[in-house]
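Q: Below is a structure I'd like to ask you about.
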C-alpha cells in the first residue's frame, strides 16, 4: 500500500522543521478559517457548515477540518479538486449547520 502526502510539505527554517499543510485547492479561503474555530464540532476536529457562493448558490452539508480543508460535501468524500462542483475561491461566506 502506498501513502500519498500530497497535501503536506517539509519545512525547515532555523531550528524548526516538520510537515506543514500546503494551501491546496480543497481549502477554503483563509479569511474563513478563523470563523470556523467558533463553530461547534460535529465530529472530532470537523465541522458541518453551509457555504454561500458568489453566484448566490448555497451548498449544505459541507464537512471541513479545523484548517478549512473540505472533506465531504453532501455525504460524498472529497479527495481532489475535480470532486467539487465549485471552486473554494468562489466562497463568500460560511455558516454553521449546528
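Q: Counting only residues that are in contact (Cβ under 8 Å) with a residue 24 or more places away in the chain and over 12 Å from the mean Cα position of the chain (by Cα), how many does region 51-84 have?
A: The qualifying residues number 8.
Q: Would you list the strands (runs of 3 or more DSSP E) that sit entirely within the chain and hold 3 or more residues that are modelled with pLDDT of 90 or more and surrounded by 14 or more Cβ atoms within 10 Å (Cβ to Cβ)?
A: 46-53, 58-65, 70-73, 91-96
The values are calculated or read from the model by the stated rules, or taken from the named source; none is laboratory data. As the structure is a computational prediction, the values presented were derived from the model and not from experiment. Backbone-built Cβ (ideal geometry, glycine too); neighbour counts: all protein chains shown.
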